Structures are given as C-alpha cells and as structure tokens.
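Contents: one structure, followed by commentary.
The values are calculated or read from the model by the stated rules, or taken from the named source; none is laboratory data. Quantities reported herein were computed from a predicted structural model and do not represent experimental measurements. Accessible surface is based on the protein model in full, side chains and every heavy atom, while ligands, DNA and RNA are left aside. Shrake-Rupley method; radii C 1.70, N 1.55, O 1.52, S 1.80 Å.
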Amino acid sequence: MEGKGLHILLSSLSLVALLAIQSTDASVPEIYVFGDSTADVGNNNYLPMNAAKANFPFNGVDFPGGTPTGRFSNGYIGVDFMAKLYGFKRSPPPFLSLTPETIKKKIFSGVNFASGGSGILDTTGNEIPMTLQVHYFSTVVSNMTSHIGPASVHRLLSESLFLISIGANDIFADFAKFGPQNDTHKDEYVAILTSKYEDHLKKLYNLGARKIGIFGMGLLGCCPALRTKTPSGDCIEDLNLYARKFNRATKSMLRRLSSSLEGMKYTFGDSVKFWSKIFQHPSLYGLKELKSACCGGGRFNGESPCMPNATYCPNRQQYLFWDMFHPSQAAYKLIAQAFYDVGSLRFVSPITFKQLAA
C-alpha cells in the first residue's frame, strides 16, 4: 500500500467518521497483528512466487465458504479466535490487501502485518521480516496522525491491542544450519533473538503500542515434519528445549522492558505449557491424533506440504496439526481460549489476554 494513497484517503475522513466505522461491540478499538505463518491471514498472497503461501486448497476447507485465504490452516487461526473473543468478526485484514477503495472501511479496526516464513531476524526467510512489519505499521500511524492529530492517535493506539506470534522460523533456521547444539550455543542464539525482539517492541512502543499480547513458542520438535526425522517418530527434544529457552528468555525480557516503559502492559502465552497439557490429556480437549498432520503426504503426513494433490482427513476436529508445521483450526481455538481466560494464569503471565484489554 503506497503511503501517499493512504494519506489522501485518510485526509478525506473526519474524526466523527473515523469513530463511526470502528467496531461498536469490541472490547478494544483496534487490533494490530505481527508475526509469521501462525498469524498471517493473507499478506503472503501478494508476495513473489518464492514466498511461503497457503492461498490454495486444501487450506481453508473449513473457512466460511471453503475459501483458501492465505491462512496456513484448514480454517481460522489463533489471532482470528482471539479477535473473536475481543468482539471482532476475525483478524483484521492483511496490510498488503488494502487499497484506497477498501481502507476506509477496514483500517480503523486494525491491520494484520504478519507474514508466513518471516522471523525476528531480518535474515530469516524470504518474506516480510518483523523490521519491515513494524515499518509498515509506522506508515499507518503517520498517515492517521496527519488526519486526526497525534493526541487522538495516541489515545486510539494506547487502548488498542498488539498481538505478536513470531520466532519459530528463526529457531528452525538455526537448527537446519547447525543441527543439535549444546546449551551454550542455544543460550547465545536465544540472547540474540530476544535482544532483537526487544528492539522491535521498543519501536512499537514509541509508535504508540501499550497493550502487547505475545504468543510464545510451542513444542517445535513435535511438528509432524520434525517427527519424520526420528526413526521412532518421537519429538525432537532438542528443538523443544530451544523453545523452552526462548520462552523463558522472552518472559524475562518482557518483565524488564515493562518496568522501564511507562504504561506498557503485556501478557505472555506459554504455548509449550499448553501443548504439554494437550499431549498429557488429549481427550480433555477433544483431540485424538497428535502425531500426524491432517493434510500432507508421506510419514505422518509430514514429508510433503498440504497441496491440492495431497490427501486430507475427514475428522479434522480431532487433529492437533493441520499440516506438517501448523496447528489445526481446532487447536488454534483451544489455545486462544486458554490464553484469553479459561486457562487463567496456568498458561499466561502476568495477566490473561482478557485482562490485557481491561
């Protein structure tokens, strides 16, 4: 979206019109989303062919109308369900989908900047890294400010939610390059990631973000694609340890950051803890298949991606994984509910996602 076009469009709106087109039922005025394929709702549809994409069958088979939207899922994803819990219909639209014709109706309920394949580091993936996502957000803020002024924009953003789900691709990239490593290597790389993550959060804060919800990393080594690498079909525990280290370091960084940035509130959802609970008691969550993906090919449906020529399961509600790397719609709904309120402080800290909006 060109900044000039956005500026012209915003300048044609009055403050009254801006407030009128915001959601009237939502508990927060806007939601902004950043991250990777676990949060992408279609930005990668607008990227070159070598980018990670999911805008083809059988992705979206359970989305309204059976439409493949670019979500790496059979239906909705976690940020959709979280947005629903806050009173929105689904995630805000992908930034790259906005045009001068559609932005008037959509921009003031938030924007999704997430991009599948991206990472915390600029060197991770071929898509839209976190640095560029934050830059895109700055163009939105700049143009909003030119129309309604800094005070009004500050008020809107201070009451809005910023949801972030990122980091897995950075760890996958390191594991692919170096293989299993000792704790020293892991700790050093996690320190690099969390330092860069902190930089991104500081920039978002300086742009107006105050309420930040972080989706932590899950059990990366239990993805079907990783299970295929072990003769026994078990999880790769080295990757799970990486995820635990990242989550601990990120929580520590958030505590430190929030103590130094006035007005910053945050919640951290620990996906490792939640996935561990699912693996221990799958029937409590209505799940039966934890190892194989619903859609894909080869062993555990984890040796080839979910493509139009793949096979997919009929009982998708019982699967933890949709494809070789991504959770199913059913799993995404469970984790959103757990982080929002039901899980209380078992899986989130220091407050729930519901309390973040208060």
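Under 13 Å Cα-Cα from K265, which aspartates and glutamates qualify once same-chain neighbours fewer than 8 residues away are excluded?
Cross-link targets: E159.
Accessible area of T38, 1.4 Å probe, to the nearest 10 Å²?
Result for T38: roughly 40 Å² accessible.
Treat the chain as a sphere of radius equal to its Kirkwood radius over Cα pairs and apply Stokes-Einstein at 10 °C in a medium of 1.306 mPa s; give the translational diffusion coefficient in µm²/s, rounded to a whole number. Display every interim value, and only then the final one.
Details: Rh = 20.5 Å.
It diffuses with D of about 77 µm²/s by this estimate.
How large is the helix-only mean residue ellipticity at 222 nm for the chain, computed as the sum of -39500 (n - 2.57) over DSSP H runs with n ≥ 4, divided by its residue count, in deg cm²/dmol to the nearest 500?
Values: 13 runs with 143 residues, N = 358.
Calculated at 222 nm, the ellipticity per residue is -12000 deg cm²/dmol.
What percent of all Cα-Cα pairs in region 119-239 falls in each 5 Å bin, counting up from 0?
Reading the bins upward from 0: 2, 10, 17, 18, 16, 12, 9, 7, 5, 3, 1, 0, 0.
Taking amide hydrogens as modeled 1.01 Å from N in the peptide plane, which residues meet the under 5 Å criterion relative to F321, leaving out close sequence neighbours?
C294, S328
Which of the aspartates and glutamates could a cross-linker span from K333 if the Cα-Cα distance has to be under 12 Å and same-chain partners fewer than 8 positions apart are dropped?
Qualifying aspartates and glutamates at Cα under 12 Å: D80.
Taking a threshold of 27 Å on the Cα-Cα distance, which of the pairs K89/K202; K53/K177; K84/K277; K186/K251; K53/K251; K53/K277 fall above it? Write out the running numbers ahead of the final one.
Numbers: K89/K202 29 Å; K53/K177 23 Å; K84/K277 24 Å; K186/K251 16 Å; K53/K251 30 Å; K53/K277 30 Å.
Distance filter (> 27 Å) returns K89/K202; K53/K251; K53/K277.
Which whole-number percent is the relative contact order of region 263-358 (Cα, under 8 Å, 6+ apart)? Kindly include the intermediate steps, with their values, before the conclusion.
Working: 145 pairs, mean separation 27.7, N = 96.
Here the relative contact order equals 29 percent.
Under a GNM of the chain (C-alpha, springs under 10 Å), which listed residue has the highest mean-square fluctuation: G87, G213, G75?
For the chain, modelled as a Gaussian network with Cα springs under 10 Å, the answer is G87.
Going from most exposed to least, what order do T67, T194 have by accessible area with a 1.4 Å probe?
Details: T67 65, T194 15 Å².
Highest to lowest solvent-accessible surface, that is T67, T194.
How do T352, T145, T123 stack up against each other in accessible area, from largest to smallest, with a 1.4 angstrom probe? Present the calculation step by step, with values, prior to reporting the outcome.
Numbers: T352 5, T145 45, T123 125 Å².
Result of the area sort, largest leading: T123, T145, T352.
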